[in-house]
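Below you'll find the structure, written out as structure tokens, and then a few comments.
The values are calculated or read from the model by the stated rules, or taken from the named source; none is laboratory data. As the structure is a prediction and not an experimental result, all values here were calculated from the model. Glycine also receives a Cβ, built like all others from the backbone with ideal geometry; neighbour counts cover every protein chain displayed. With ligands, DNA and RNA removed, areas are computed over all heavy atoms of the protein, side chains included. Shrake-Rupley method; radii C 1.70, N 1.55, O 1.52, S 1.80 Å.
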Amino acid sequence: MSVKVLVIGGTGLVGNALLREWTARGADVVAATYHCHASGGFLQLDMQDELQVCETLKRLVPAVVAVPAANPFVDYCEQHPGETRKVNVDGTLNVARVCREIGARMIFYSSDYVYDGAKGSYTEEDATCPINEYGRQKAEAERGVLAVDPRNLVLRTSGAYGWQWEPKNFVLQIRAKLSAGQTMTVADDVRYNPTYVENLAEITAELVEAGAAGIYHVVGAEEIVRFEFAARVARAFGLDENLLKPAPSAQLSSPTPRPKQSSLRTDKVRAAVSVLPIGVDKGLRRMLSLEADWRDYASTLPDPAAKTSPTRR
């Protein structure tokens, strides 16, 4: 793959996996992040700054721009809708408009939270019906990205996990708590498709090479209850699964309504590319097999504790 790719959100879970996947495929990849770093090879880019977005993209002239960057904290979005909308909607559309100007295709990462969870097994043709602010922002951004340019690609995913610069994802939270002997309460009435991030990155690259456009669901192959997924994580990492405590989601302290059955069908993506979504056990095995490689790679990244926020113009 010889095209030039810009990944916005390159220190995040999905963005960093994309950076590594496209680098391995021989693409000319540039990664940008909201946080300013003195090292690590990442450009600083604030999607909310329309002028900076315009200057950066016109200087780099990428053929493909991937945007997993977002404020993904669902409770924070619920409590601060105006602030987070500036990133998740306005910032995203800033990028989409400049991509159209320079002739680049954009890949936007959306979420199973665009659905209310009343039905499950959603297809790309099902109308969006979000029940929380994060889902509303993602649904609005989806519509905007495709309205700007129908050649763009919207990928809905769910519960991404894997090795990460800042260990925030669910699998690494389980590992940290159980390794420390702490209990962890997990919803036992929520069904979804946990997605191994390296598999998501592989499928993304394949879809781009295939020239895919529009909306695709790219999630793990297995629909599973969140508590059962946590138990499998504990077993895979050799941790005490008895420290996991099941509870109805209504009993968990959160100001945000969440869909209870947000599983996504992947028939469309399976027909489009040869790399297929994988299930939970295979994803966890792959993750564990790459632990040493990740530690070596992570040593080349900036220290997350030293991250700073950019100064606005």
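Any residue that is more than 18 Å from the chain's Cα centre (by Cα) and at pLDDT 95 or above - is there at least one of those in segment 153-173?
Looking only at segment 153-173, we keep the residues that are more than 18 Å from the chain's Cα centre (by Cα), and these are none.
Within segment 153-173 (the criterion being more than 18 Å from the chain's Cα centre (by Cα) and at pLDDT 95 or above), the answer is no, since none of the residues qualifies.
Tell me, which residue of segment 118-134 that is under 23 Å from Asp90 (Cβ atoms) and either in contact (Cβ under 8 Å) with a residue 60 or more places away in the chain or in a strand (DSSP E or B) (or both) is most open to solvent (accessible area, probe 1.4 Å)? Show your work before the answer.
Filtering segment 118-134 down to residues under 23 Å from Asp90 (Cβ atoms) leaves 128-134.
Those left that are additionally either in contact (Cβ under 8 Å) with a residue 60 or more places away in the chain or in a strand (DSSP E or B) (or both): 131-134.
Numbers: Ile131: 60, Asn132: 0, Glu133: 16, Tyr134: 26 Å².
For segment 118-134, the residue satisfying everything is Ile131.
Taking the residues in segment 13-26 that are open to solvent by less than 30 Å² (accessible area, probe 1.4 Å) and touching a residue at least 60 places away in the same chain (Cβ under 8 Å) as candidates, determine which candidate is nearest to Ala210 (Cα to Cα). Steps first, please.
First, pick out the residues of segment 13-26 that are open to solvent by less than 30 Å² (accessible area, probe 1.4 Å): 13-19, 22.
Then drop every residue that is not touching a residue at least 60 places away in the same chain (Cβ under 8 Å), which leaves 13-14, 16-18, 22.
Values: Leu13: 24, Val14: 20, Asn16: 22, Ala17: 19, Leu18: 16, Trp22: 14 Å.
This residue is Trp22.
Which condition from (1) under 29 Å from Tyr297 (Cβ atoms); (2) touching a Phe, Trp or Tyr at 6+ places or on another chain (Cβ under 8 Å) is the one that Glu166 breaks?
So the condition that Glu166 fails would be (2).
Listed here are the residues, each with its yes/no results for (1) in contact with an Asp or Glu (Cβ under 9 Å, 6 or more places away or on another chain); (2) closer than 30 Å to Gln44 by Cα; (3) free of Cβ contacts under 8 Å to residues at least 12 places away in the same chain.
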residue: Ser274; (1), (2), (3): yes, no, no
residue: Pro277; (1), (2), (3): yes, no, no
residue: Leu284; (1), (2), (3): no, no, no
residue: Ser289; (1), (2), (3): no, no, yes
residue: Pro302; (1), (2), (3): no, yes, no
residue: Pro310; (1), (2), (3): yes, yes, no
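Could you pull out the residue among Thr266, Thr300 that is in contact with a strand residue (DSSP E or B) (Cβ under 7 Å, 6 or more places away or on another chain), of a type in the set (S, T, N, Q) and more than 19 Å from Phe170 (Cβ to Cβ)? Explain how you work it out, then say what you get.
On the way: Thr300 fails: in contact with a strand residue (DSSP E or B) (Cβ under 7 Å, 6 or more places away or on another chain).
None of the other options fit; the residue is Thr266.
Just the residues that are hydrophobic (A, V, I, L, M, F, W, C) and either open to solvent by less than 50 Å² (accessible area, probe 1.4 Å) or under 15 Å from the mean Cα position of the chain (by Cα) (or both), please, taken from segment 142-151. Write out each step before concluding.
As a first pass, look at segment 142-151 and keep what is hydrophobic (A, V, I, L, M, F, W, C): 145-148.
Result: Val145, Leu146, Val148.
Can you tell me which of Val280, Val275, Val269 is in contact with a helix residue (DSSP H, G or I) (Cβ under 6 Å, 6 or more places away or on another chain) and surrounded by 18 or more Cβ atoms within 10 Å (Cβ to Cβ)? Lay out the reasoning, then the answer.
Details: Val275 fails: surrounded by 18 or more Cβ atoms within 10 Å (Cβ to Cβ); Val269 fails: in contact with a helix residue (DSSP H, G or I) (Cβ under 6 Å, 6 or more places away or on another chain).
Answer to the check: Val280.
Report yes if some residue within segment 64-86 is at pLDDT 95 or above, open to solvent by 40 Å² or more (accessible area, probe 1.4 Å) and of a type in the set (Gly, Ala, Ser); otherwise report no.
Yes, because at least one residue in segment 64-86 is at pLDDT 95 or above, open to solvent by 40 Å² or more (accessible area, probe 1.4 Å) and of a type in the set (Gly, Ala, Ser).
Counting only residues that are among the hydroxyl-bearing types (Ser, Thr, Tyr) and in contact with a helix residue (DSSP H, G or I) (Cβ under 7 Å, 6 or more places away or on another chain), how many does segment 283-305 have? It would help to see each step written out before you state the result.
At the first step, the residues of segment 283-305 found to be among the hydroxyl-bearing types (Ser, Thr, Tyr) are 289, 297, 299-300.
Adding the requirement that they be in contact with a helix residue (DSSP H, G or I) (Cβ under 7 Å, 6 or more places away or on another chain) leaves none.
Final tally of qualifying residues: 0.
Which pairs do you get when a residue that is touching a residue at least 12 places away in the same chain (Cβ under 8 Å) and of a type in the set (A, V, I, L, M), found in segment 162-189, comes within reach of a residue that is open to solvent by 70 Å² or more (accessible area, probe 1.4 Å) and assigned to a loop (DSSP other than H, G, I, E, B), reach meaning Cβ atoms under 8 angstrom, with the pair 6+ apart or on two chains?
Here the result reads Leu178/Asp240, each pair linking segment 162-189 to a residue that is open to solvent by 70 Å² or more (accessible area, probe 1.4 Å) and assigned to a loop (DSSP other than H, G, I, E, B).
How do the pairs read when you match residues in segment 90-104 that are more than 13 Å from Gly144 (Cα to Cα) with residues anywhere that are open to solvent by 70 Å² or more (accessible area, probe 1.4 Å) and part of a helix (DSSP H, G or I), using Cβ under 7 Å and keeping only pairs 6 or more apart or on different chains?
Note: pairs meeting the criteria are Ile102/Lys58.
Residue check: is Tyr216 farther than 24 Å from Arg136 by Cα, touching a residue at least 12 places away in the same chain (Cβ under 8 Å) and of a type in the set (Phe, Trp, Tyr)?
When the stated conditions are applied, Tyr216 does not pass them.
Can you report the number of residues in segment 246-264 which are assigned to a loop (DSSP other than H, G, I, E, B), closer than 21 Å to Thr157 by Cα and open to solvent by less than 70 Å² (accessible area, probe 1.4 Å)? Let's see the steps before the verdict.
We begin by selecting, within segment 246-264, every residue assigned to a loop (DSSP other than H, G, I, E, B); these are 248, 252-260, 262-263.
Applying the additional criterion that residues be closer than 21 Å to Thr157 by Cα yields 256-260, 262-263.
Filter again for open to solvent by less than 70 Å² (accessible area, probe 1.4 Å), leaving 256-257, 259, 262-263.
Of the residues in that region, 5 qualify.
How about segment 112-141: which of its residues are aromatic (Phe, Trp, Tyr) and under 18 Å from the mean Cα position of the chain (by Cα)?
Within segment 112-141, the first condition is being aromatic (Phe, Trp, Tyr), and the residues that meet it are 113, 115, 122, 134.
Residues satisfying the conditions are Tyr113, Tyr115, Tyr134.
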